[in-house]
1. So which residues in region B:172-189 are surrounded by fewer than 16 Cβ atoms within 10 Å (Cβ to Cβ) and either under 28 Å from the mean Cα position of the chain (by Cα) or in contact (Cβ under 8 Å) with a residue 40 or more places away in the chain (or both)?
2. For region B:85-199, list the helices (runs of 4 or more DSSP H) that sit wholly inside it and hold at least 3 residues that are among the hydrophobic types (A, V, I, L, M, F, W, C); which are they?
3. Scan region B:83-103 and give yes if some residue there is surrounded by fewer than 19 Cβ atoms within 10 Å (Cβ to Cβ) and over 30 Å from B:L247 (Cβ atoms), otherwise no.
4. Taking region A:5-64 as the search range and keeping residues that are among the small types (G, A, S) and either away from every other protein chain (no Cβ under 14 Å) or not in a strand (DSSP E or B) (or both), which one is most open to solvent (accessible area, probe 1.4 Å)?
5. Looking only at residues in region B:199-211 that are over 22 Å from the mean Cα position of the chain (by Cα) and away from chain A (no Cβ under 14 Å), which one is nearest to B:I164 (Cα to Cα)?
6. For B:A282, are the conditions met, namely being modelled with pLDDT under 90 and among the aliphatic types (A, V, I, L, M)?
7. What tally of residues in region B:281-307 results from selecting those that are over 24 Å from the mean Cα position of the chain (by Cα) and open to solvent by 50 Å² or more (accessible area, probe 1.4 Å)?
Amino acid sequence: MDINNYILAIVTTNEDKDKIANGSTPVFYADEQEELEYIAQLISRLTMSMVHDLGNGVYILIKH
Amino acid sequence: MKHWQMIIAAVVVGTCARLIMLKIDYRQYPGYPHGYIIHLTLGFIAAALGGLVIPALIEESYVAVTFLALAAQQFRAVREAERDFLQELEKTELVKRGQAYIEGISKVFEARNYLAMITSFITTLGYYVFDLLDYALVFRLVGALSSGILVAYLLHILMSEKTIGDIAEVEVVELEFCGPENKNIAVENVVIMNLGLNESLEKWKKYGLGIVIAPKDDNSRATLANVGQRQAIIHDVTTQLGVQLDLGVQDYTPLARLNLNTGRVYIIVIPIEKDASCIKEAVNNTPVLEGVKRRPLASKVGQEAAD
């Protein structure tokens, strides 16, 4: 079963930790921007979802 | 076998009509050799049925004409078979045809059998008329063939669908990037996609293209707004120009969005061949799907509201 248009995961840096309140979605923290890109890309490939940049350092993964 | 010349002429013309219709429109056709056999055989059966009507009437066996009802049943099954086939294939398509396109294609397949049937019916009618006028066999055959070919040609013209080029102006434009860190892809200030990954962003910047489809009037605006019609356009463009896409790399999925203020349709795509004039051509040649065609201007309310 596919879960569409639903936030699958959140990826952000340790710096921007405060921007996310706790919820049901798994959150991944990266030390720096490069690691963030890598984690986001890997999860995106594995879950067939798409990475979106909220513009404030928080990346969300959504399956469309 | 009193009427065999008549019947054979009809079957030949009808089957040929079906064969030509198979070739005319390559995009309506999935292009597998077994498909040709299936549709040619069915076209042959349709032509045979159409060709038997006049002989049956001449022989005054009126009940025999009820076999036409059977034919209608049979050809409805063709439509279902074609729909099922395309729907099964849909799961394997990177860029979907869309439900509306599939419906349109299967409807065309059903209709073309009826066209073969009508063509062969008119052929026998032509033969019969020349027969009544006491012409020699050669003239009867020529009369039958020419009436069949004329009807097939007329039907072809009547049945030809409009294309996007008829109802809209197409333009190929460069993509715009806006928003924080320029991560939103836009066309004419309408944001279409947000990209998180820099790698994908680079790809779009380098190879991406925007297509603007401007409707010519309110009728075409309503037609283009249909999601199925937009998907059909994307499918046609990507089958002809290619698309750089695979499972797992959803970031390169072509998308179509509407400008709500003007009704213009914007499509973003990463084609394999980045050739603007060919892309324009591909969009122009996409058929306007029968099922989604809207004509608000034809109604009184729509007409008044448009003023």
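The values are calculated or read from the model by the stated rules, or taken from the named source; none is laboratory data. All values derive from a computational prediction rather than experimental measurement. As a convention, Cβ positions derive from the backbone with ideal geometry for all residues, glycine included, and neighbour counts pool all protein chains shown. Only protein heavy atoms, including side chains, enter the accessible area calculation; ligands, DNA and RNA are left aside. Shrake-Rupley method; radii C 1.70, N 1.55, O 1.52, S 1.80 Å.
1. Selection gives B:V173, B:E188.
2. B:99-132, B:137-159
3. no
4. A:S24
5. Among them, the one singled out is B:G210.
6. no
7. 7
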